[in-house]
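> There's a structure below that I have some questions on.
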Amino acid sequence: MSKLAVFASGSGSNFEAIASAIEKGSLDAEIALVVCDRPGAKVEKRAERFGIPVLSFYPKSYDSKAEFENFILQQLNDAGVELIILAGYMRLIGPTLLRAFEGRIINIHPSLLPSFPGKDAIGQAMKAKVKISGVTVHYVDEGMDTGPIIDQETIRISTKDTREEVEGKIQAVEHRLYPAVIHSLLQDKSIGTRR
Ligand code: GRF
């Protein structure tokens with residue numbers, strides 16, 4: 001069975017959606033490790049509830065990104081991880097992990113890329129008053145939300161929508177789309193060869 005690592009910095013609702021899909025049997029995989037760069041983040045408690053080990057670390061206690069990524073890499077290799085799933089990991093992946101996991105790191109972003117990359121994509125979309133936004137799952141490269149797109153789904157934004165309502169629409173799509181995309185990537189064995 002394919003082993004995944006989920007990287008998250010915050011709430012971890014996408015982690016939970018993936019873990020639940022595995023429990024329900026709609027995603028044939030195992031989350032071997034959760035990697036969290038903000039000790040105390042809500043995702044840790046969610047992982048605990050699923051009995052999944054968490055590697056939490058303070059990036060500032062390392063001299064460089066290469067140093068903490070080497071530490072992470074060792075744990076990923078020990079756990080036999082094949083695919084890295086970024087789910088609200090608020091940090092660019094550096095050359096150490098990109099090289100070791102080339103074509104095997106994916107991310108979910110709450111906009112229709114290439115529109116609204118970077119922080120607060122939902123706020124950016126609302127400020128721009130777009131009528132259609134959505135969710136993108138893409139491969140990760142060295143840029144900020146720039147890697148090849150794997151799949152996208154749209155949502156409509158009405159002028160009456162509050163921020164919470166737009167967030168709710170985005171999350172509903174994310175929680176369905178991410179497990180489904182991971183499932184099909186693992187099924188068609190394209191991981192590592194698609195780019
Ligand atoms: C999601 O909106 C995801 O698209 C973005 O960060 C958010 C993470 O939310 N990359 P959660 O921590 O999974 O609830």
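> When the residues of segment 157-171 are filtered to those that are touching a residue at least 12 places away in the same chain (Cβ under 8 Å) and closer than 22 Å to residue 87 by Cβ, which remaining residue is surrounded by the fewest Cβ atoms within 10 Å (Cβ to Cβ)?
So, considering only residues that are touching a residue at least 12 places away in the same chain (Cβ under 8 Å) and closer than 22 Å to residue 87 by Cβ, the one surrounded by the fewest Cβ atoms within 10 Å (Cβ to Cβ) is 163.
> Under the condition of being in a loop (DSSP other than H, G, I, E, B) and over 30 Å from residue 80 (Cα atoms), which residue from segment 130-156 is least open to solvent (accessible area, probe 1.4 Å)?
Looking at the filtered set, the residue picked out is 130.
> Additional query: Report yes if residue 114 is within 16 Å of the ligand (Cβ to nearest atom), over 19 Å from residue 182 (Cα atoms) and of a type outside the set (A, V, I, L, M), otherwise no.
Yes.
> Output the number of residues of segment 2-41 satisfying the condition of being open to solvent by 20 Å² or more (accessible area, probe 1.4 Å) and either touching a Ser or Thr at 6+ places or on another chain (Cβ under 6 Å) or on the phi > 0 side of the Ramachandran plot (or both).
Adding up the residues that qualify gives 4.
> Continuing with the same structure: Residue pairs, Cβ under 8 Å, 6 or more apart or interchain, first in segment 21-45 and in contact (Cβ under 8 Å) with a residue 12 or more places away in the chain, second buried (at least 20 other Cβ atoms within 10 Å of the Cβ) and among the hydroxyl-bearing types (Ser, Thr, Tyr). List them.
35/89; 37/89
> Give me the residue from segment 91-106 that is buried (at least 17 other Cβ atoms within 10 Å of the Cβ) and within 16 Å of the ligand (Cβ to nearest atom) and, out of that set, farthest from residue 186 (Cα to Cα).
The residue in question is 93.
> Here is a follow-up. Does segment 58-96 hold any residues that are within 30 Å of residue 167 (Cα to Cα) and touching a helix residue (DSSP H, G or I) at 6+ places or on another chain (Cβ under 6 Å), and which are they?
So in segment 58-96, the residues within 30 Å of residue 167 (Cα to Cα) come out as 58-59, 83-94.
Hits for segment 58-96 are 59, 87, 94.
> So in segment 69-89, with the set limited to residues that are touching a Lys or Arg at 6+ places or on another chain (Cβ under 8 Å) and outside any strand (DSSP E or B), which one is least open to solvent (accessible area, probe 1.4 Å)?
81
> Tally the residues that are crowded, with 16+ Cβ neighbours inside 10 Å and farther than 28 Å from residue 5 by Cα, restricting the search to segment 107-129.
Residues meeting the conditions: 3.
> For residues that are open to solvent by less than 60 Å² (accessible area, probe 1.4 Å) and either under 16 Å from residue 81 (Cα atoms) or within 15 Å of the ligand (Cβ to nearest atom) (or both), tally how many sit in segment 42-57.
Initially, segment 42-57 is screened for residues open to solvent by less than 60 Å² (accessible area, probe 1.4 Å), giving 43-44, 46-47, 50, 52, 54-57.
If we keep only those that are either under 16 Å from residue 81 (Cα atoms) or within 15 Å of the ligand (Cβ to nearest atom) (or both) as well, we get 43-44, 46-47, 50, 52, 54-56.
Residues in segment 42-57 being open to solvent by less than 60 Å² (accessible area, probe 1.4 Å) and either under 16 Å from residue 81 (Cα atoms) or within 15 Å of the ligand (Cβ to nearest atom) (or both): 9 in total.
The values are calculated or read from the model by the stated rules, or taken from the named source; none is laboratory data. Bear in mind that the values here come from a model prediction, so they are computed numbers and not experimental data. Using ideal geometry, Cβ is built from the backbone for each residue, glycine included, and neighbour counts are taken over all protein chains shown. Areas reflect the complete protein model, heavy atoms only, side chains present, ligands, DNA and RNA absent. Shrake-Rupley method; radii C 1.70, N 1.55, O 1.52, S 1.80 Å.
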